[in-house]
Amino acid sequence: MRVLTLNIWKDEGDLAARLEMFVAECRLLQPDLICLQEVYADATMDAGEWLADALGLTRVGVPARIKQRSGVLSSSGLAILSRLPLLTEESLDLPTSAADGGRKSLSAVFEATNGPIRVVSLHLSHLKADEGDMLRQQQLAAIWSWASEGWDHPIILAGDFNATRAAACFDWLYQQERIISTDTLLPQATSLRHQPNALIDHILLADRGGWELNSVELCFTGVDATTGRFASDHFGILASFNPID
């Protein structure tokens, strides 16, 4: 099972051209599940729906952080695209602050080869210093409680955590359950195109049996030779999980 996460950068740059780049690389990578953040949507288009249609995948999504962007009322939401059968979907309003409001998390349950799996796409607060650290820990705690309560099967948390593995929110999560994280296979990597040593995008597997992490790679790192354009200001993370018999 191949799982991809990418922050697709709202409507910055030439969105239409960047979406075409995304589709072209996904056709090469062939992910089974795609978790997206900063999914732009307005009254005339939804980037998540557009990508799902272009790739022939099922899509679930939720709008978030609704405000004026370039003079247009729009959302910077979340989406999960999948080639696996969809069983259920729901969303969660996250703890917030006046400086960084409107964040949500999106969960969907899919039928995988060895049973159901819950997949969560998330985008935690971008705030800095102690305020941001505290808010991200509150948000991750809310997500974990919501995703794990009454659920005995594997859980994947994927997205833009706005934090490296050294952050306190990860220490808290690792105290709750055995977590397998993609950062262990990406030493000295960054997922922010303009910033070194900033691996803030992650795919985490709550190890409840059924899957093991096989490989991880950065993707969407290339530049279009003609336009000099990247697909996003983030690089993507692609994880391959093998079923355990």
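The values are calculated or read from the model by the stated rules, or taken from the named source; none is laboratory data. Predicted model only: the values in this text are computed from it and were never measured. All Cβ positions, even for glycine, are placed from backbone atoms using ideal geometry, and neighbour counts span all protein chains on display. For the accessible areas, the whole protein counts, side chains as well, though only heavy atoms, and no ligand, DNA or RNA atoms are used. Shrake-Rupley method; radii C 1.70, N 1.55, O 1.52, S 1.80 Å.
Considering only residues that are touching a residue at least 40 places away in the same chain (Cβ under 8 Å) and open to solvent by 20 Å² or more (accessible area, probe 1.4 Å), look in the stretch 18-55 and name the one that is farthest from F235 (Cα to Cα). The qualifying residue farthest from F235 (Cα to Cα) is D32.
Could you go through the stretch 10-17 and let me know if any residue there is in contact (Cβ under 8 Å) with a residue 40 or more places away in the chain and either of a type in the set (F, W, Y) or open to solvent by less than 20 Å² (accessible area, probe 1.4 Å) (or both). No, every residue in the stretch 10-17 fails to be in contact (Cβ under 8 Å) with a residue 40 or more places away in the chain and either of a type in the set (F, W, Y) or open to solvent by less than 20 Å² (accessible area, probe 1.4 Å) (or both). For the stretch 79-129, taking the residues that are closer than 20 Å to I200 by Cα and of a type in the set (K, R), the one that is modelled with the lowest pLDDT is identified as K128. Here is a list: L205, L192. Which entry is under 20 Å from E149 (Cβ atoms), touching a Phe, Trp or Tyr at 6+ places or on another chain (Cβ under 8 Å) and surrounded by 13 or more Cβ atoms within 10 Å (Cβ to Cβ)? Matching residue, one of L205, L192: L205. Would you check which residues across the stretch 140-158 are farther than 24 Å from I34 by Cβ, in contact (Cβ under 8 Å) with a residue 24 or more places away in the chain and of a type in the set (G, A, S) and list them? Once the filter is applied, which keeps residues that are farther than 24 Å from I34 by Cβ, in contact (Cβ under 8 Å) with a residue 24 or more places away in the chain and of a type in the set (G, A, S), the stretch 140-158 yields only A141. Given the structure, is S74 in a strand (DSSP E or B) and either surrounded by fewer than 16 Cβ atoms within 10 Å (Cβ to Cβ) or touching a residue at least 40 places away in the same chain (Cβ under 8 Å) (or both)? Answer is yes for this residue. Going by the conditions given, is I203 more than 20 Å from R2 (Cβ to Cβ) and either modelled with pLDDT of 95 or more or assigned to a loop (DSSP other than H, G, I, E, B) (or both)? Here the answer is no, as I203 does not meet what is asked.
Look at the stretch 159-177: where a residue is within 23 Å of L238 (Cα to Cα) and a partner is open to solvent by 10 Å² or more (accessible area, probe 1.4 Å) and assigned to a helix (DSSP H, G or I), sitting 6+ places away or on another chain with Cβ atoms under 6 Å, you get A163/R136; R165/D183; C169/R136; C169/Q137.
Within the stretch 73-89, does at least one residue satisfy the condition of being over 20 Å from I34 (Cβ atoms) and not basic (K, R)? Yes, that holds for at least one residue. Of A79, A43, all but one fail to be small (G, A, S), under 22 Å from V216 (Cα atoms) and not in a helix (DSSP H, G or I); the exception is A79.
Residues of the stretch 223-245 that are of a type in the set (F, W, Y) and either open to solvent by 50 Å² or more (accessible area, probe 1.4 Å) or touching a Lys or Arg at 6+ places or on another chain (Cβ under 7 Å) (or both): F230, F235.
Yes or no: L213 in contact with a strand residue (DSSP E or B) (Cβ under 6 Å, 6 or more places away or on another chain), over 13 Å from L4 (Cβ atoms), open to solvent by less than 20 Å² (accessible area, probe 1.4 Å) and assigned to a strand (DSSP E or B)? Criteria not met by L213. Taking A198, is it modelled with pLDDT under 95 and either in contact with a Pro (Cβ under 7 Å, 6 or more places away or on another chain) or farther than 13 Å from T5 by Cα (or both)? Criteria not met by A198.
Considering (1) outside any loop (DSSP other than H, G, I, E, B); (2) open to solvent by less than 30 Å² (accessible area, probe 1.4 Å), the lone condition that A64 does not fulfil carries the number (1).
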